[in-house]
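Please read the structure below before turning to the comments.
The values are calculated or read from the model by the stated rules, or taken from the named source; none is laboratory data. Only a predicted model underlies this, so the values are computations on that prediction, with no experimental measurement involved. Cβ sites come from the backbone with ideal geometry, for glycine too, and all protein chains shown count toward neighbours.
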Amino acid sequence: MSLILTAAPAVEPVTLAEAKAHLRIDGTDEDTLIGSLILTSRLHVEAAMGLALITQSWSWYFDAWPPGTAVGLPLRPVESVAAVRLYDEAGAATMLDPANWFLDGAGLHPRLVRHGALPWPAPGRVANGIEIAFTAGYGSAASDVPAPLRQALLILIAHWHEHRAPLEEGQHAEPLPHMVSDLLAPYRPMRL
């Protein structure tokens with residue numbers, strides 16, 4: 001399975017000005033570092049939680065359909081599915097008719113569901129023969145991201161700004177503040 005970013009977020013969920021205000025920094029000397037910490041914090045939270053915070057487009061490739069009529073999607077929340085493609089051995093793509101499937105993106109585990117009792121059509125290519133192109137995120141503006149997630153990002157940015165010295169061999173990294181985990185807890189996917 002391959003998950004490939006096709007369109008990155010246009011903005012970050014926390015602006016440079018917001019991060020600098022949180023850090024109580026007035027000058028511009030550390031703008032590049034703080035910008036990097038904003039990006040790194042977003043990527044860390046997204047990867048840890050299976051989230052897309054700001055609208056972004058992805059293509060998810062996999063080899064075979066799972067059993068049943070539903071395919072769980074790897075990120076959430078999912079705004080839309082642009083296309084479902086099958087690839088043949090020559091690499092030519094055939095788009096599945098959108099009338100044959102629908103997005104169930106409202107739940108904690110978004111999924112693509114096939115209409116009717118017919119099975120999903122088999123791809124012609126053995127590896128990565130199925131592609132689902134989708135858009136995920138809370139919205140295209142920073143204000144669309146829930147406040148607890150934005151606050152967790154600010155705390156994480158401050159933590160990494162304060163603990164940026166390189167570690168010597170055998171030295172342990174400073175643990176993340178518990179408040180970050182507490183703020184992220186309601187967004188953690190539940191396993192049943």
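For this structure, a couple of remarks:
Yes/no matrix, rows are residues, columns are (1) closer than 22 Å to L53 by Cβ; (2) not charged (D, E, K, R):
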residue	(1), (2)
M95	no, yes
D104	yes, no
G107	yes, yes
P110	yes, yes
G116	no, yes
V126	no, yes
A133	yes, yes
G137	yes, yes
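- When residues in the range 75-91 are screened for being in a strand (DSSP E or B) and either without any contact (Cβ under 8 Å) to a residue 12 or more places away in the chain or of a type in the set (D, E, K, R) (or both), 3 of them pass.
- Check on S36, surrounded by fewer than 19 Cβ atoms within 10 Å (Cβ to Cβ) and in a strand (DSSP E or B): no
- Residue within the range 52-59 that is buried (at least 16 other Cβ atoms within 10 Å of the Cβ), in a strand (DSSP E or B), of a type in the set (G, A, S) and in contact (Cβ under 8 Å) with a residue 60 or more places away in the chain present: yes
- When residues of the range 92-108 are limited to those that are in contact with a strand residue (DSSP E or B) (Cβ under 6 Å, 6 or more places away or on another chain) and not in a strand (DSSP E or B), the one modelled with the lowest pLDDT: G105
- Put simply, of A64, A47 the only residue that is assigned to a helix (DSSP H, G or I) and either at negative phi or within 22 Å of the chain's Cα centre (by Cα) (or both) is A47.
- Whenever a residue of the range 130-155 is more than 30 Å from M95 (Cα to Cα), its partners that are among the hydroxyl-bearing types (S, T, Y) and at pLDDT 95 or above, lying with C-beta atoms within less than 7 angstrom and at least six residues away or across chains, give the pairs A142/T15; D144/Y138; V145/Y138; P146/Y138; L153/S41.
- Candidate set: the range 9-29, residues that are surrounded by 11 or more Cβ atoms within 10 Å (Cβ to Cβ) and free of Cβ contacts under 8 Å to residues at least 60 places away in the same chain; chosen: the one farthest from the chain's Cα centre (by Cα): I25
- Residue check, L108 over 14 Å from W65 (Cβ atoms), of a type in the set (A, V, I, L, M) and touching a His at 6+ places or on another chain (Cβ under 7 Å): no
- Scanning the range 97-151 for residues that are closer than 25 Å to A7 by Cα and of a type in the set (V, I, T) turns up V113, I130, I132, T135, V145.
- Residues (closer than 14 Å to V11 by Cβ and either part of a loop (DSSP other than H, G, I, E, B) or not small (G, A, S) (or both)) located in the range 109-150: G137, Y138, G139, S140, A141, D144, V145, R150
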